[in-house]
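What follows is one structure encoded as structure tokens, with my remarks underneath.
The values are calculated or read from the model by the stated rules, or taken from the named source; none is laboratory data. Everything quoted here is computed from the prediction, not taken from an experiment. Positions of Cβ are generated from backbone atoms using ideal geometry, with glycine treated the same way; all protein chains shown enter the neighbour counts. Protein only, heavy atoms only, side chains kept; ligands, DNA and RNA dropped before computing areas. Shrake-Rupley method; radii C 1.70, N 1.55, O 1.52, S 1.80 Å.
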Amino acid sequence: ILRAVAWRRKAAEWAAGRDLREAERHWMSVVDLLSRCRECEESGKVGLAAREALIEMGWKLGRPLERALELFNDGSALARRLGDAAAEARLTAAYAMAELFAGRVEQGLQRLETAAKSAGAAADHTLSIRLEGRIAYMYILSGRIHDALAMMDRVLAEHHDGAQDRMEVAEREQ
């Protein structure tokens, strides 16, 4: 089954840049196939990727928020079983976007902020920056320009300082 899952995942990833509905169909097939096999680390990681992708595609395609919530709950439980805090943050962010585009702006922003904090706590700086960028963008869309500018100033200062620190450590180690 994992071989079929791998092919469906490749098809989904290929289709994602061309036809979201086709990609969604392939990712749904991945979830279906995974439901028929025993959970292991490999199947868990693919299951997390599938659920995140389906939530992200769902809000872009206008799918019901209830479906996103179901995928979020399943994925979050899986992420906790695997001990994958970064995956849980990605799923939280994906669901937050679904909330935002379903008109639940404050709930979505709060959830997105929680996801960004979780990514920071998991020391996933790339994810943290990506989520903070999404927050700033959502602030702009909701008319909170001052909050967006303050967020980006803070992000730039934090991550610039962190990058400088990492470069200095790397130079000392050489």
### Summary
Quick calc: nm separation of the 7 Å Cα→Cβ label points for Glu13 and Asp32 -> 2.2
### Added length on full extension, which subtracts the Cα-Cα distance from 0.36 nm per residue, His125 to Arg21
34.3 nm
#### Entry: Net lengthening on full extension, Ala6/Asn73 (0.36 nm per residue, minus Cα-Cα)
21.8 nm
### Task
Rounded to the nearest 0.05, what FRET efficiency do Ala157 and Ala85 give with R0 = 22 Å and r taken as the Cβ-Cβ distance? Could you check?
0.35
### Task
May I ask for the net charge around Phe72, where only other residues with Cβ less than 12 Å from the Cβ of Phe72 are counted and Lys, Arg are +1 while Asp, Glu are -1?
-3
### Task
Place a +1 charge on the Cβ of each Lys and Arg in the chain and a -1 charge on the Cβ of each Asp and Glu, then give the dipole magnitude about the Cα centre in debye, rounded to the nearest 20.
800
### Task
Take the alpha carbon gyration tensor of the range 104-160, find the square roots of its eigenvalues, order them as a ≥ b ≥ c, and report rounded if a/c is under 1.5; if not, report prolate when a/b exceeds b/c, else oblate.
oblate
### Task
Summarise the accessible area of the range 1-126 (1.4 Å probe, protein heavy atoms) by the percent that is carbon and sulfur.
50
### Query
Between Leu109, Leu33, Ile145, whose Cα lies farthest towards the positive end of the dipole of the chain when Lys and Arg beta carbons carry +1 and Asp and Glu beta carbons carry -1, centred on the Cα centre?
Leu33
### Query
Got the relative contact order for the range 7-74 handy, in percent, Cα pairs under 8 Å and 6 or more residues apart?
27
#### Entry: Whether the range 1-76 is rounded, prolate or oblate, judged on the alpha carbon gyration tensor where a/c under 1.5 counts as rounded
oblate
### Task
Pick out the long, greasy-scoring helices in the chain: whole DSSP H runs spanning 27 Å or more along their own axis by Cα, mean Kyte-Doolittle at least -1.0.
41-61, 145-173
### Task
Whole number in Å², please: accessible area per residue of the range 86-130, 1.4 Å probe, ligands, DNA and RNA not counted.
43
### Task
Just check the chain against the gyration tensor rule for me: Cα atoms, a ≥ b ≥ c as the square roots of the eigenvalues, rounded for a/c under 1.5, and otherwise prolate or oblate depending on whether a/b exceeds b/c.
oblate
### Query
Among 87-97, 59-69, how do they line up from the highest to the lowest mean number of other beta-carbon atoms within 10 Å?
87-97, 59-69
### Separation of the His146 and Glu42 label points, Cα + 7 Å toward Cβ, nm
5.5
#### Entry: Computed helical MRE - 222 nm, the chain, DSSP H runs ≥ 4 contributing -39500 (n - 2.57), nearest 500
-29000 deg cm²/dmol
